[in-house]
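This report refers to the structure that appears directly beneath it.
Just so you know, all these numbers are worked out from the coordinates, no wet-lab data involved. Computed from a prediction, not measured in an experiment: that's the story for all the values here. Reconstructed Cβ throughout: ideal geometry from the backbone, glycine too, with neighbour counts over all protein chains shown.
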Amino acid sequence: MGNIDIRDLRDGKFLWIDKAALNLVSAKAGNRGVSVYSWLCYYANAKNQNCYPSLRTLALHCNVSRRTIMRTIKTLEKIEIVSIERKKGRRNVYKLLNSPVDKSSDTAVTGDTGGTGVVTPMSLPLVTPVSPKQELIDQDKKNKTNVCLSAELWITLDLPYAHPGREQVAELVSWCERLAGDVDLYRLLERYRKDKGYPPMPKVVITLCKQFMQDKARVKNAWGWFKKAIDGQMKQVLMDMRLQEHERLKKEPAKIGQLLSNIIPRRE
């Protein structure tokens, strides 16, 4: 038997949800409730179990409408597993509550110790504790990034290149988060989209992100470096695409003749 790769619970990549809370949500709110609750747990700060994801962000994650998210959250509030702090003109703050059930039904099977918190005692912090103001700023930036860099953005626009797949867009989102301390890639890509009418190719930006990591020590202005590099690479890519199309048309004389006949008026 070959070696198998057992998941490492210490590396911070895993999300933990209290079993009693999960059982309650599943029984009272169904699969939709489990999905929404899981994403609230994903965004929750480990210190105070607060989170601030927008309705649109949750809707994108769960692949449902904002109205459905609103109804589901009301159900979670009704079963007292989530409380909501509502302030006019500001985003809702969701606090994950202890499950009213002391233990889940299968703790004896897995051998887990008893725990009633939303995050089990063995869980690592989901995010590094920061000030509430900074946490809200970081959350807002992530919300905007997830919305701006969703696959739907590329699908719904007329692009001068082939529409990218969801996996490629997800990889670009990951790079935006990874480089957040060096450059606000979300704002840069949004500005490019407003100037050109379409966002740059994710493949191009991902390649530049990898190059930036190699040259990071020599880059004094990350924003300027990325702006110049993206503009240059996109011009080159689009030019290459036009040349390829030109070469393809040259091999199809019938189509060229048809095009010319439409351009040059016939003499009577």
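List of remarks:
- Summing charges over neighbours of residue 159, with a neighbour being any other residue whose Cβ is under 12 Å away from its Cβ, gives +1 when K and R count +1 and D and E count -1.
- Cβ-based exposure ranking for 62, 41, in which fewest neighbours within 10 Å come first: 62, 41
- Note on residue 211 and residue 231: their simple-model spin labels are 1.5 nm apart, each label 7 Å out from Cα toward Cβ.
- Across 194/216; 19/87; 203/235, pairs whose alpha-carbon gap is larger than 21 Å: 194/216; 19/87
- Relative exposure of 161, 186, judged by other C-beta atoms within 10 Å (fewest first): 161, 186
- As a rough footprinting exposure proxy, the listed residues 69, 79 were ranked by other beta carbons within 10 Å of their own, and the order from fewest upward is 79, 69.
- Overall, the anisotropy analysis places the range 149-257 in the prolate class: the square-rooted eigenvalues a ≥ b ≥ c of its C-alpha gyration tensor yield a/c not less than 1.5, with a/b exceeding b/c.
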